[in-house]
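Single-structure report; data block below.
The values are calculated or read from the model by the stated rules, or taken from the named source; none is laboratory data. Keep in mind that this is a model prediction, so the values were computed, not measured. Note: ideal-geometry Cβ built from the backbone for every residue, glycine included; neighbour counts use all protein chains shown.
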Amino acid sequence: VGKEVKNHFYLLENQINVDEILNKIINLDYLDIKSNFDVSLFYLKVPELKEILREYKLKLSGNKPELIERIKTNIDENAIKLPQVYVPTSKGNKIIGETEYILHFYNSPIISLGSAHKMAKEVLNIDDKIEYIYFYLLQQNQKSNNSDHRTANIINSLVLYYKKTNKDKDVIRKYTNYATYLSVTQGIHSAAFLYSSEENIIDRLFIYFNYHLEYYENMLFIDNVSRRLFKNLFYEDIKSFEDTDKNFCDEICELLFAQIYNNRNITLNNLPTINYVLEKIKKENEIRMTKYDF
């Protein structure tokens with residue numbers, strides 16, 4: 001209390017009166033103001049905690065949790081002045097749980113906060129509104145035939161959310177693989193237009209693994225997933241989203257292995273399916289250009 005954030009860009013831009021909102025939610029029993037050891041000591045800085053201990057001639061060494069515990073054990077709570085702290089009530093905690101999506105999608109590059117709020121308000125009996133919004137975005141994106149690049153961006157954001165919430169490892173792998181598949185596929189199309197030399201194409205395609213490279217290194221080096229199993233998992237994961245070619249998926253994996261194991265000897269001759277796709281795109285582009293060559 002007394003240190004409320006009032007100059008945040010979002011608050012200023014939307015002309016939100018912080019004091020007015022705080023008073024309103026306190027009156028509605030969503031928020032309470034408390035001052036006790038359990039809630040107040042955490043908000044004191046280490047020098048402030050040490051000052052209290054020093055005043056009572058108590059030991060000053062230790063980390064912050066140790067200093068807090070020493071104060072709680074040796075000093076009467078009513079003997080010192082503690083900062084007042086805003087604490088959510090049970091009603092407030094329920095609202096916080098139901099509106100976690102607001103903080104998650106604030107400043108999101110894939111959806112505005114207003115659109116996310118509209119979606120969340122329209123659904124009932126959904127435990128995870130953040131996941132629901134991502135699924136909705138994916139569904140709409142696929143219906144409108146938007147680029148693989150946008151779909152991959154949505155999935156990458158979903159994967160980050162899953163990792164933060166300790167989602168099942170198989171689910172995280174499944175979406176990580178699909179995001180990689182979409183990115184590399186998009187990269188193959190770009191490389192067919194932009195690069196003439198084989199070496200440049202291979203180097204260019206390596207870039208599309210970078211976003212999840214550490215994740216894949218952990219699978220291979222820490223979890224000791226064999227290359228054969230890796231390929232099978234990758235193919236099955238992609239197949240759960242869309243029809244695909246096993247050889248194409250295997251060659252994407254071989255490209256990834258080449259990057260991780262620093263195999264600079266790999267060429268398009270080792271990747272016949274990818275090479276075929278590249279040549280097909282090039283020929284289609286040449287025909288298109290010839291058609292409009294006046």
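Here is a yes/no grid of residues against (1) loosely packed, with under 12 Cβ neighbours inside 10 Å; (2) modelled with pLDDT of 95 or more; (3) in contact with a Cys (Cβ under 9 Å, 6 or more places away or on another chain); (4) basic (Lys, Arg):
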site: ALA258; (1), (2), (3), (4): no, yes, no, no
site: TYR276; (1), (2), (3), (4): no, no, no, no
site: ASN285; (1), (2), (3), (4): no, no, no, no
site: PHE294; (1), (2), (3), (4): yes, no, no, no
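For the range 1-42, give me every one of the helices (runs of 4 or more DSSP H) that falls completely inside it and has 2 or more residues that are in contact (Cβ under 8 Å) with a residue 24 or more places away in the chain and on the phi > 0 side of the Ramachandran plot. Full working, then the answer.
On the way: elements: 9-13, 18-27, 37-40.
Because the criterion is at least 2 residues that are in contact (Cβ under 8 Å) with a residue 24 or more places away in the chain and on the phi > 0 side of the Ramachandran plot, no helices (runs of 4 or more DSSP H) in the range 1-42 meet it.
Do the conditions hold for ASN262, that is, is it exposed (fewer than 13 other Cβ atoms within 10 Å of the Cβ), assigned by TED's automatic domain parsing to the domain that holds ALA179, assigned to a loop (DSSP other than H, G, I, E, B) and not hydrophobic (A, V, I, L, M, F, W, C)?
Details: exposed (fewer than 13 other Cβ atoms within 10 Å of the Cβ): yes; assigned by TED's automatic domain parsing to the domain that holds ALA179: yes; assigned to a loop (DSSP other than H, G, I, E, B): yes; not hydrophobic (A, V, I, L, M, F, W, C): yes.
Judged against the criteria, ASN262 is a match.
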Of the residues in the range 25-61 that are touching a strand residue (DSSP E or B) at 6+ places or on another chain (Cβ under 9 Å) and small (Gly, Ala, Ser), the one that is surrounded by the fewest Cβ atoms within 10 Å (Cβ to Cβ) is SER35
Given the conditions (1) at pLDDT below 95; (2) aliphatic (A, V, I, L, M); (3) more than 29 Å from the chain's Cα centre (by Cα), every one holds for ILE68 apart from (1)
Inset, instruction - Within the range 11-24, identify whether any single residue is of a type outside the set (Lys, Arg), more than 30 Å from LEU158 (Cβ to Cβ), surrounded by 11 or more Cβ atoms within 10 Å (Cβ to Cβ) and in contact with a helix residue (DSSP H, G or I) (Cβ under 8 Å, 6 or more places away or on another chain), and answer yes or no. - result: yes
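Residues that are without any contact (Cβ under 8 Å) to a residue 12 or more places away in the chain and within 20 Å of LEU268 (Cα to Cα): find the helices (runs of 4 or more DSSP H) completely inside the range 136-249 holding 2 or more of those. It would help to see each step written out before you state the result.
On the way: elements: 148-164, 169-194, 198-207, 213-217, 227-239.
Where helices (runs of 4 or more DSSP H) fall fully within the range 136-249 and carry at least 2 residues being without any contact (Cβ under 8 Å) to a residue 12 or more places away in the chain and within 20 Å of LEU268 (Cα to Cα), they are 198-207.
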Only unsatisfied item for ASN269, checking (1) part of a helix (DSSP H, G or I); (2) surrounded by 13 or more Cβ atoms within 10 Å (Cβ to Cβ), is (2)
Log entry, pairs with first residue in the range 98-120 being free of Cβ contacts under 8 Å to residues at least 12 places away in the same chain, second being in a loop (DSSP other than H, G, I, E, B) and of a type in the set (S, T, N, Q), beta carbons closer than 9 Å, six or more apart or on different chains, reads LEU113/ASN107
